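Worksheet for the structure shown next.
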Amino acid sequence: MRIIAGRFRGLALASVGKGDAGAHLRPTTDRVRESLFSMLTGGRFGDPIEDARVLDLFAGTGALGLEALSRGASHVTLVDDGRKALSLIRENIQKCRCADEATILKRDATRLPEGTPHDLIFLDPPYGKGLGEKALAAAIKSGWVADDALIVWEDNVPVIPPAGVTQLDSRRYGDTVITICEYSET
């Protein structure tokens, strides 16, 4: 696993091998991450990354949030409650030398405290458990999601966005479905 583009381009991130099923770690592959960021930066969504405040729910290794930081986001908040995941996130922040631009929140992503609005949300829950819906509802309720925020939701099946969230695009990459949505307070 490596950072694809930006100021950390080519940096090898901490490896989890093929994932850690016990810790529910299933890192987004470089190929899928590259496709996802091509979707985001391809012009259809403007430039949702430059100077964005990024929230990475179920952060795992932190690769999605750190990729956004590498590409121009101003800050990333990485949320996970797994011991192995938190260790990998800390190691990857250290490798990127970006501790002043990253916050780690050791928390269950479905039970978030009050927060500040973020412009770009990565949502990569364990597949097949319905946790994405719960985490997104918690993030919206607790003030983590800005009006007009883009939400990048990764799952193994097409998702059904909740009220206030509009699906803009969805693409399948093998067993991964990437859905891009937009949140609106009205």
*asked:* I need the full set of residues from region 105-118 which are closer than 22 Å to Pro27 by Cα and in contact (Cβ under 8 Å) with a residue 40 or more places away in the chain, in order please.
replied: Ala109
*asked:* Just checking, does region 55-74 include any residue being within 13 Å of the chain's Cα centre (by Cα) and surrounded by fewer than 22 Cβ atoms within 10 Å (Cβ to Cβ)?
replied: no
*Take the residues of region 1-29 that are at pLDDT 75 or above and not in a loop (DSSP other than H, G, I, E, B): which is surrounded by the fewest Cβ atoms within 10 Å (Cβ to Cβ)?*
Ala12
*Out of the residues in region 37-54 that are closer than 16 Å to Leu66 by Cα and surrounded by fewer than 17 Cβ atoms within 10 Å (Cβ to Cβ), state the one that is modelled with the lowest pLDDT.*
Ser38
*Please work out if Ile121 is β-branched (Val, Ile, Thr), touching a residue at least 40 places away in the same chain (Cβ under 8 Å), within 23 Å of Trp144 (Cα to Cα) and crowded, with 18+ Cβ neighbours inside 10 Å.*
yes
*So which of Arg83, Arg7, Arg53, Arg97 ends up being in contact (Cβ under 8 Å) with a residue 24 or more places away in the chain and farther than 26 Å from Ser142 by Cα?*
Arg7
*For Ser87, all conditions in the list (1) surrounded by 17 or more Cβ atoms within 10 Å (Cβ to Cβ); (2) in a helix (DSSP H, G or I); (3) among the small types (Gly, Ala, Ser) hold save one; what is the number of the exception?*
(1)
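Conditions tested, residue by residue: (1) surrounded by 15 or more Cβ atoms within 10 Å (Cβ to Cβ); (2) part of a strand (DSSP E or B); (3) at positive phi; (4) in contact (Cβ under 8 Å) with a residue 40 or more places away in the chain.
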position: Ala139; (1), (2), (3), (4): yes, no, no, yes
position: Ala146; (1), (2), (3), (4): yes, yes, no, yes
position: Val152; (1), (2), (3), (4): yes, yes, no, yes
position: Ile160; (1), (2), (3), (4): no, no, no, no
position: Ala163; (1), (2), (3), (4): no, no, no, no
position: Gln167; (1), (2), (3), (4): yes, yes, no, no
position: Arg172; (1), (2), (3), (4): no, yes, no, no
position: Ile180; (1), (2), (3), (4): yes, yes, no, yes
*In region 138-156, is there at least one residue being among the aliphatic types (A, V, I, L, M), out of contact with any Leu (no Cβ under 8 Å at 6 or more places or on another chain) and over 24 Å from Ser74 (Cβ atoms)?*
no
*Out of all the residues in region 62-83, is one or more out of contact with any Lys or Arg (no Cβ under 6 Å at 6 or more places or on another chain), over 18 Å from Leu123 (Cβ atoms) and part of a strand (DSSP E or B)?*
no
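The values are calculated or read from the model by the stated rules, or taken from the named source; none is laboratory data. Note that the structure is a prediction, hence the values are computed from the model and not measured. Virtual Cβ from ideal backbone geometry, glycine too; neighbours counted across all protein chains shown.
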